[in-house]
Amino acid sequence: MIFLKKLLHSTSEERLKPGTENSPLLRKDLPLPPPQPCIAAATISMANLSLSERPGGRKRRSGFRAENTMIPTLVMLSFILVVSGVAATHYDYENQDKWGGSCNTGEKQSPLNFRTVFPSSFPPLIFKNYGLINITLEIDDHHLKANLVPLSPNRPHLLGGGLNGKYVLDSFHFHWGKNNEEGSEHRLLNCNFAGEMHFVHYNQKYRDVTEASNNTDGLAVLAVWLEAAVDDTEDDGESLLDDNNDASSDNDHAASTNFWLHMLVPNRPFVNHIPRQTFLRHLFPQNTRSFYKYKGSLTTPLCSETVVWTVFRDPVVAPRRLLYFLRSLRSPPGHGRLISRNFRDIQHQGNRRVYFSDISDRHFAQCSNEVLRK
């Protein structure tokens, strides 16, 4: 057993090195947040639920063909403010009908409400160097973003899951709402989650995200739903960690996820470029085999339709401390406008198909605001 302080501040050989795959665990007997009473199970059947378009919605061109098993890569960049060489900072989430570019004219816009899905076989996602890394947090006019401290050649990268090649992690960021009944960009059977994380990757053959965003195989973004915790443990950061390096059980992984999400919240008033450490793999759900995938767009202006979304079926539990922190942020930091809602409205699906990766599983998820069953 080692103390948390020893993990985060030690300079000895016992300290985990950025980019390693070693995974510290909280004690196995550490209590987890109890289930949220208002959360209801939501099940969704494969390819036999109808999707009704909003009144006046236009027909869209179809997306991936059902027989595709290796989807051409690019998975969404929803949140970076500079894409395709264009800085898109002057827009308002309360007036989305005034957004420019393809936002109100495109045919493959995001996000979507997942109602009809088609099973498809994909190889598993492979996470490389998704261990302990150094990051800095910053806030712009609309979002909170975590930038990776350069780790080349050990920068985290992604393979598999239908991607054609190696995709390098650039950054990750958050979407949230005013309360637990909203915040996620994607929905499941009309149900919102309290928030959503996006992990932005770019194809290694391009120089950076900006160059990659101009190419159809440029981007790969993984999305994780945030489910609001009922309450948080009184963990002050002094809890013991197990030196077992394998988060083998769901409870172990959930406890570690809770811990690392806690650690993203500063203990002092927010200023840009706050240094932090985080364990990347434990910001994802334990099960990364089950995910939704479809062709879509950026969810900020100019809403370029050059991305494929990968949204994990299983949410992670977000500590109340993290959600309170996000809802208290102002732009610019410390003063100015409160950022209380930074998610885009649901878009028309049209004839596009949403694929589900786990053909052996009848997928199940939880949501926060509606009882939904087959």
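The values are calculated or read from the model by the stated rules, or taken from the named source; none is laboratory data. None of these values were measured; they are calculated from a predicted model. Cβ placement follows ideal geometry from the backbone for every residue including glycine, while neighbour counts extend to all protein chains displayed.
A single member of 283, 241 is hydrophobic (A, V, I, L, M, F, W, C), within 17 Å of residue 201 (Cα to Cα) and either surrounded by fewer than 22 Cβ atoms within 10 Å (Cβ to Cβ) or modelled with pLDDT under 80 (or both), and it is 283. Of the residues making up the stretch 286-302, those that are small (Gly, Ala, Ser) and buried (at least 21 other Cβ atoms within 10 Å of the Cβ) number 2.
I'd like the residue in the stretch 328-348 that is closer than 28 Å to residue 304 by Cβ and among the basic types (Lys, Arg) and, out of all such residues, is surrounded by the most Cβ atoms within 10 Å (Cβ to Cβ). Residue satisfying both the conditions and the ranking: 344.
Residue-wise test of (1) modelled with pLDDT under 95; (2) under 23 Å from residue 202 (Cβ atoms); (3) charged (D, E, K, R); (4) surrounded by fewer than 20 Cβ atoms within 10 Å (Cβ to Cβ).
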site	(1), (2), (3), (4)
261	no, no, no, no
279	no, yes, no, no
307	yes, yes, no, no
310	yes, yes, no, no
318	no, no, no, no
323	no, no, no, no
326	no, no, no, no
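Cβ-Cβ distances below 7 Å connect no pair with a first residue in the stretch 95-114 that is without any contact (Cβ under 8 Å) to a residue 60 or more places away in the chain, a second residue that is part of a loop (DSSP other than H, G, I, E, B) and of a type in the set (A, V, I, L, M), and a separation of six or more residues or different chains. Whenever a residue of the stretch 297-317 is under 22 Å from residue 281 (Cβ atoms), its partners that are of a type in the set (Ser, Thr, Tyr) and not in a loop (DSSP other than H, G, I, E, B), lying with C-beta atoms within less than 6 angstrom and at least six residues away or across chains, give the pairs 309/294; 311/292; 316/257.
Every residue, every condition in (1) modelled with pLDDT of 90 or more; (2) hydrophobic (A, V, I, L, M, F, W, C), yes or no:
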| residue | (1), (2) |
| --- | --- |
| 338 | yes, yes |
| 343 | yes, yes |
| 348 | yes, no |
| 351 | yes, no |
| 355 | yes, no |
| 360 | no, no |
| 363 | no, no |
| 369 | no, no |
| 374 | no, no |
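Scan the stretch 175-196 for residues that are buried (at least 24 other Cβ atoms within 10 Å of the Cβ) and within 16 Å of residue 317 (Cα to Cα) and report the count. Of the residues in that region, 10 qualify. Looking at the stretch 96-137, which of the residues that are among the charged types (D, E, K, R) and buried (at least 18 other Cβ atoms within 10 Å of the Cβ) is farthest from residue 275 (Cα to Cα)? If we take residues in the stretch 96-137 being among the charged types (D, E, K, R) and buried (at least 18 other Cβ atoms within 10 Å of the Cβ), then 115 is farthest from residue 275 (Cα to Cα). Scanning the stretch 157-206 for residues that are of a type in the set (A, V, I, L, M) and within 19 Å of residue 338 (Cα to Cα) gives a single hit, 194. Can you name the residue in the stretch 173-215 that is within 10 Å of the chain's Cα centre (by Cα) and among the aliphatic types (A, V, I, L, M) and, of all such residues, is modelled with the highest pLDDT? Across the stretch 173-215, the extreme among qualifying residues is 197.
Scanning the stretch 189-230 for residues that are assigned to a loop (DSSP other than H, G, I, E, B), touching a helix residue (DSSP H, G or I) at 6+ places or on another chain (Cβ under 7 Å) and closer than 22 Å to residue 303 by Cα yields 206, 218.
For the stretch 117-138, a residue qualifies if it is touching a strand residue (DSSP E or B) at 6+ places or on another chain (Cβ under 7 Å) and closer than 28 Å to residue 188 by Cβ, and the qualifying residues are 117, 118, 119, 120, 123, 124, 125, 126, 127.
Only a single item in (1) surrounded by fewer than 22 Cβ atoms within 10 Å (Cβ to Cβ); (2) modelled with pLDDT under 95; (3) under 29 Å from residue 360 (Cα atoms) is not met by residue 163, and it is number (1).
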